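Enquirer: Handing you this structure, nothing more for now.
The values are calculated or read from the model by the stated rules, or taken from the named source; none is laboratory data. What you see is a predicted model, and the numbers here were worked out from it, not measured in a lab. Every residue, glycine as well, gets a Cβ built from its backbone with ideal geometry; the counts of neighbours run over all protein chains shown.
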Amino acid sequence: MKKIKNILFVVVILLLIGVMLVSGILYLKDKKQDRQEQIVFDELIDIIDNQNEDNTSNIDNYSALFEMNTDMIGWIKIEDTNIDYPVMQTKNKPNYYLRRNFYKEYSYYGTPYMQENCDIDKSDNLIIYGHHIKNNQMFGILEKYKSKDFYNDHRIIKFITKNEILEYEIIYIFKTSASNGFDYYKYIDFNDVSEFNTFTNKCKELAFYNTETESNFGDKYLTLSTCEYSIKNGRFVVIAKKL
């Protein structure tokens, strides 16, 4: 009996060591993948910085990227966060950049992209999708907006297009289900006040807290959307109003 117990003890120890080794390998693999994915974005930021001779934010700094890939329609940035990414759009190929990088190569991170039926020059609400990656990568950091303190320190989103640098102030933060929740992604253009009120009232109802910022019919919006894992087919949504 003692011999059997000793054998079982050894087996358990070996299994624990095996689990630790596998976990360590997977962790290192994930870290390596994270770094490889981030390298592409770092390269793009370097191109922007190299264009920035006077250390100011202007459209010309991004001109080289617009020329490198005409699918790029803008650049999104939230100060003091990792959100500093190109925004792509392929109207005839929805979700094309879901698993592709800026260079159209396979990418687990993908690249933030705008909903195909949004018109950057005309639409009332521009919707941008990005993956929810752990460690606050990509749009994973949006979950931090559950905290109003984080919101207070990071309430402005910059969106740089070919023609202008736009600023948006975040006004609604909520989660919903893409299966049977709020169809926020259907609100691209507001045809009348009634439709606008339906949209904003639902946003207020779902919001984690009141940002105390008013919205009015005729305002323009920018919506950031990512996955949310506490509910089935969940979505975490951040909506900002153009200043």
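Conditions tested, residue by residue: (1) modelled with pLDDT of 95 or more; (2) farther than 30 Å from N191 by Cα; (3) charged (D, E, K, R).
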position: I48; (1), (2), (3): no, yes, no
position: N52; (1), (2), (3): no, yes, no
position: N55; (1), (2), (3): no, yes, no
position: I59; (1), (2), (3): no, yes, no
position: Y62; (1), (2), (3): no, yes, no
position: G74; (1), (2), (3): yes, no, no
position: K77; (1), (2), (3): yes, no, yes
position: P86; (1), (2), (3): yes, no, no
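Enquirer: Next question, about the same structure. Would you mention how many residues in the range 222-243 are in contact (Cβ under 8 Å) with a residue 60 or more places away in the chain and out of contact with any helix residue (DSSP H, G or I) (no Cβ under 9 Å at 6 or more places or on another chain)?
Expert: Total satisfying the criteria: 6.
Enquirer: Kindly establish whether T211 is at pLDDT 95 or above, among the hydroxyl-bearing types (S, T, Y) and over 19 Å from the mean Cα position of the chain (by Cα).
Expert: yes
Enquirer: Would it be correct to say that F217 is among the aromatic types (F, W, Y), in contact with a Phe, Trp or Tyr (Cβ under 8 Å, 6 or more places away or on another chain) and touching a residue at least 40 places away in the same chain (Cβ under 8 Å)?
Expert: Considered against the rule, which asks whether it is among the aromatic types (F, W, Y), in contact with a Phe, Trp or Tyr (Cβ under 8 Å, 6 or more places away or on another chain) and touching a residue at least 40 places away in the same chain (Cβ under 8 Å), F217 comes out as no.
Enquirer: Right, here's the next one. What's the number of the condition F139 fails, among (1) over 27 Å from Y229 (Cβ atoms); (2) in contact with a Cys (Cβ under 9 Å, 6 or more places away or on another chain)?
Expert: (1)
Enquirer: Continuing with this model, one more query. Search the range 179-230 for residues being part of a helix (DSSP H, G or I) and hydrophobic (A, V, I, L, M, F, W, C), and hand back the single one that is farthest from R155 (Cα to Cα).
Expert: In this case the residue turns out to be V193.
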